[in-house]
Amino acid sequence: MWNRIQTAVELIYPPRCLGCGDLVTSDFGLCGPCWRDTPFIGGTICESCGTPLPGDTDGHRIECDDCMTTPRPWKDGRAALLYTGRARRMILALKHGDRPELARPSALWMAQAGEDLLRQGMLIAPVPLHWSRLVKRRYNQSALLAQHLGRETGLAVCPDLLIRTQRTPVLDGKTTTERAETLSQAIAPHPKRRHRMAARDVLLVDDVMTSGATLAACARACLDAGANHIFVLTLARVAKDA
Ligand SMILES: [Zn+2]
Ligand SMILES: [Zn+2]
């Protein structure tokens, strides 16, 4: 039944390239030129944050300078795209709610990038958005990505595992330590959901990882609530030189 509806929908709305709007043959949609133009991360990467690194792997764990200087409270991290060029434009459109149809293919790219992180019984949770911003923006793009990722991987999703306890104060001009402290006070497990992550692996999902401070605060909140290992998967990673 669903397949028939899908087919009917495709006849009326044939799949279009997410980049340029041209007709494409697949549902996950980028045409050849747009695919080549989209900065997918591949090759050697930092195991902690997923940023691309020069050189080849020798089978040992590799981390970038940032992750070595500031060890992450999570185990491994991956990102599908570099936050630049076309990827940046797509993510901004997703964030502002202009193009929610980007969420499904984005989750598919994330599932591919995060393949090594996925394990049975894992719980997927988005980085929370403060309710006052949620009202303004109508929806949380990270929760949307988490939901699609759950559908794609078959893993359980808990959209409100973590909550913002207060409006995130301005972090500009603060040191790394001050930022971490401010953020860890702002993010907490939902009192009615914390039992769900006890002794369980948690996959934190966000649209973009910049410094990783918010993801670190989320990871710490999960660890404090008794979660097992934390992993992070983002749609895009801001690379240092980008
Ligand atoms: Zn295109
Ligand atoms: Zn790293």
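The values are calculated or read from the model by the stated rules, or taken from the named source; none is laboratory data. All figures in this text were calculated on a predicted structure; none of them were measured in a lab. Every residue, glycine as well, gets a Cβ built from its backbone with ideal geometry; the counts of neighbours run over all protein chains shown.
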_Which listed residue is touching an Asp or Glu at 6+ places or on another chain (Cβ under 9 Å), within 15 Å of ligand 2 (Cβ to nearest atom) and either modelled with pLDDT of 90 or more or aromatic (Phe, Trp, Tyr) (or both), from Thr69, Thr44_ = Thr44
*Being over 17 Å from Ser211 (Cβ atoms), touching a Phe, Trp or Tyr at 6+ places or on another chain (Cβ under 6 Å) and not in a strand (DSSP E or B), is that true of even one residue in the stretch 61-77?*
yes
*Report the residue count in the stretch 152-196 for those that are in a helix (DSSP H, G or I) and at pLDDT 95 or above.*
3
*asked:* Can you pull out every residue in the stretch 30-56 that is of a type in the set (D, E, K, R), in a loop (DSSP other than H, G, I, E, B) and exposed (fewer than 13 other Cβ atoms within 10 Å of the Cβ)?
replied: Asp56
*Conditions (1) closer than 21 Å to Tyr139 by Cα; (2) free of Cβ contacts under 8 Å to residues at least 40 places away in the same chain; (3) of a type in the set (Ser, Thr, Tyr); number of the one not met by Thr234*: (2)
*Quick one: which of Asp27, Asp22 is more than 16 Å from ligand 2 (Cβ to nearest atom), modelled with pLDDT of 75 or more and surrounded by 10 or more Cβ atoms within 10 Å (Cβ to Cβ)?*
Asp22
*Considering Leu108, Leu81, Leu102, Leu92, which residue is in a strand (DSSP E or B) and over 23 Å from Arg196 (Cβ atoms)?*
Leu81
*asked:* Being within 27 Å of Arg164 (Cβ to Cβ) and in contact (Cβ under 8 Å) with a residue 12 or more places away in the chain narrows it down to one residue among Pro105, Pro126; which is it?
replied: Pro126
*Candidate set: the stretch 31-54, residues that are free of Cβ contacts under 8 Å to residues at least 40 places away in the same chain and more than 19 Å from Thr234 (Cβ to Cβ); chosen: the one nearest to ligand 1 (Cβ to nearest atom)*: Cys31
